[in-house]
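Asker: Following this message is one structure expressed as structure tokens.
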Amino acid sequence: MSHSAVVRVYATTQDPDYECPWQTDSPDDSTGSGVVIGPGQVLTGAHVVANATFIQVQKISEPDKYPAKIHSICHDADLALLEVPAEAFMTEIEPAHLGSMPEQRDRVAVVGFPVGGDEISISEGVVSRIEVQRYSHSQRRLLAVTVDAAINEGNSGGPVMDADGKVVGIAFQALEDAENLGEMVPTTVIQRFFDGIGQGRDLVIPGFGAATQNLENPMLRRVLGMGNRDSGLLVEGVDYGSSAWDVLEPGDVLLELAGNPIANNGTITYRNRYRTSFEAVLGEHFVGDDLPVTILRNGHRRHLTMHLLPYRPLVCRDQYDRRPRWFVFGGLVFQVLTRDFLKTWDRWWRAAPKALLSHYDDGVRSAEQREVVVLSEVLADEVNVGYSHFCYQQIVNVNGHRPVDFRDLVSRIDSCDDLVDLRTAGGDRIVLDAQVARAAGPRILERYQVPSDRSADL
């Protein structure tokens, strides 16, 4: 088969610095792979070009590189469509075609340019598993296909092809704690990406927004009023403003989603072929779609409709192509708690403050708490003497009010003309004279070379 459609992708990226959120890290160069799927169109992984400031692509047949730009991107599904304006780029290239979903034990080939060589690499293997997996780029749980072929650095973003040379997936990550196993974005998710582009839809994958518990214990099912033929999941909590908000309630039993009966272990028979998590259904829908759900509430079966909304956890997962949000007052630096902020600690899942990790792992978004605001730094000045060791704590009270979100905290501090009285989750108290803190602002910003007292969105 011809691999003329496979290209190498060069990206210069500049990531935000969440320790000093008004700054960015130094530019970094990396390479990945991609595949031409239409005139001047290259399909690759979103992680290959995330936070990119400059992109180039290189054909197998030429040493020259062609500038490219992002046409569309879906970080949730780790997919990006690049546009190459140069007409000469398509010379001697036959665009690849999208194939159908492979079956287990089908032979496939991972094609790309792994780091360490200039020639194209082909790793053959077989499909070993088809199920919902966590995408490392976005932390979303979506359908993925596991193949026993190595996916190395530089390989990712490249096509996985079947025996007919059709693209049946895009390589996106190696399987952790396993040798020569990799994962690819399947054609169902890729086709949804293309459909969304063609229809002008929001490309983000909708979120579900409810914490659930398996119902494998027969006594628990009996207490919930489930019949012998009933199966499903117990709803434990619902995130405010999510797809499930105002539809599901704690204590409901989720029986069916989009017509798919849910087993007591949380799985469905997806597309009548694959036994996997019910979350696979979300990967083929768009924000704004309506999804039928069947529940058992207080022993009565009910048929409801869920209007799909974006994924809105209490603590945002990895963010790309956007800058951090921050606010400086009296030398106190406030940020929204995000996974990116937690990652400023080495081995963050162990080293970051346990109270912040608890919000990340188990926090439920509520009407009273839609974001977690933290004091991330104290820029030392006479106005904030004695407060430098209160960093990395959540701010839970501003002048007697619990801040609902970041904008609420900023608004309350901005409107204060007397004392700004802050309390942390650890019980510490910070009091500043509002007028004195504002007067100190310009000298603090100049001393620490901070361009503004807040991020542009504020």
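Asker: Along the Cα→Cβ direction, 7 angstrom out, place labels at residue 136 and residue 417. What is the inter-label distance in nm?
Answerer: Placing both labels 7 Å beyond Cα along the Cβ direction yields 5.6 nm.
Asker: Taking the Cα centre of segment 27-103 as the origin, how large is its charge dipole in debye, to the nearest 20, when only Lys and Arg (+1) and Asp and Glu (-1) carry charge on their Cβ atoms?
Answerer: So the dipole magnitude of segment 27-103 works out to roughly 120 debye.
Asker: Relative contact order, percent, of segment 107-199 when contacts are C-alpha pairs under 8 Å separated by at least 6 residues?
Answerer: Rounded, it is 26 percent for segment 107-199.
Asker: Can you work out the PRE-style zone for residue 344? Point 7 Å along Cα to Cβ, and I want the residues of segment 293-326 with backbone N under 14 Å.
Answerer: Hits in segment 293-326 for residue 344 at 14 Å: 324-326.
Asker: Mind running the shape call on the chain? Use the C-alpha gyration tensor, a ≥ b ≥ c as the square roots of the eigenvalues: rounded below 1.5 for a/c, prolate if a/b tops b/c, oblate otherwise.
Answerer: Here the chain falls in the oblate category.
Asker: Next up: So if each residue of separation counts as 0.36 nm, and I subtract the Cα-Cα distance between residue 454 and residue 14, what length gain in nm does that give?
Answerer: Taking 0.36 nm per residue and subtracting the Cα distance, the gain is 156.4 nm.
Asker: Full extension from residue 317 to residue 220: what is 0.36 nm times the residue separation minus their Cα-Cα distance, to one decimal in nm?
Answerer: 31.6 nm
Asker: Residue 273 versus residue 105, label points 7 Å from Cα toward the beta carbon: distance in nm?
Answerer: Modelled inter-label distance: 1.6 nm.
Asker: Ignoring everything except DSSP H segments at least 4 long, calculate the 222 nm mean residue ellipticity for the chain; use -39,500 (n - 2.57) per segment, divide by total residues, nearest 500.
Answerer: The helix-only estimate for the chain comes to -3500 deg cm²/dmol at 222 nm.
Asker: Moving to a separate point now. If I take R0 = 22 Å and measure r between the Cβ atoms of residue 228 and residue 249 in this structure, what FRET efficiency does the formula 1/(1 + (r/R0)^6) give, to the nearest 0.05?
Answerer: In this case the efficiency is close to 0.35.
Asker: Taking H as built 1.01 Å from N, whose amide H comes closer than 5 Å to the amide H of residue 329, not counting residues under 5 places away?
Answerer: Under 5 Å from the amide H of residue 329: 334.
Asker: Counting Lys and Arg as +1 and Asp and Glu as -1, each charge on the Cβ, what is the dipole of segment 344-414 about the Cα centre in debye, to the nearest 20?
Answerer: 260 debye
Asker: What lysines does residue 343 reach when the alpha-carbon gap must be under 19 Å and sequence neighbours fewer than 8 apart in one chain are set aside?
Answerer: Output for residue 343: 354.
Asker: Rank-order 276-285, 359-368, 241-250, 153-162 by packing density, defined as the average count of other C-beta atoms within 10 Å over each peptide's residues, highest first.
Answerer: The most tightly packed comes first, giving 153-162, 276-285, 241-250, 359-368.
Asker: If you don't mind, another one. With unit charges on the beta carbons (Lys and Arg positive, Asp and Glu negative) and the dipole taken about the Cα centre of the chain, which residue among 34, 372, 84 sits farthest to the positive side?
Answerer: My answer, from the dipole projection, is 372.
Asker: For the chain, what's the relative contact order in percent, using C-alpha pairs closer than 8 Å and at least 6 residues apart?
Answerer: Normalised by residue count, the contact order of the chain is 11 percent.
Asker: Taking a cut-off of 27 Å between Cα atoms, list the lysines near residue 69, but don't count ones fewer than 8 places away on the same chain.
Answerer: Correct list for residue 69: 59, 166.
Asker: Right, next: How many angstrom lie between the Cα centre of segment 19-81 and the Cα centre of segment 106-148?
Answerer: 18 Å
Asker: Between 10, 387, 415, whose Cα lies farthest towards the positive end of the dipole of the chain when Lys and Arg beta carbons carry +1 and Asp and Glu beta carbons carry -1, centred on the Cα centre?
Answerer: Value computed over the given set: 415.
Asker: Compute the distance in nm between two label points, each set 7 Å from the Cα along the Cα-to-Cβ direction, one at residue 425 and one at residue 92.
Answerer: 5.8 nm
Throughout, read-outs are computed from the coordinates displayed, never taken from laboratory work. Please read these numbers as outputs of a predicted model, since none were measured by experiment. No Cβ is skipped: glycine too gets one built from the backbone with ideal geometry, and neighbour counts run over all protein chains shown.
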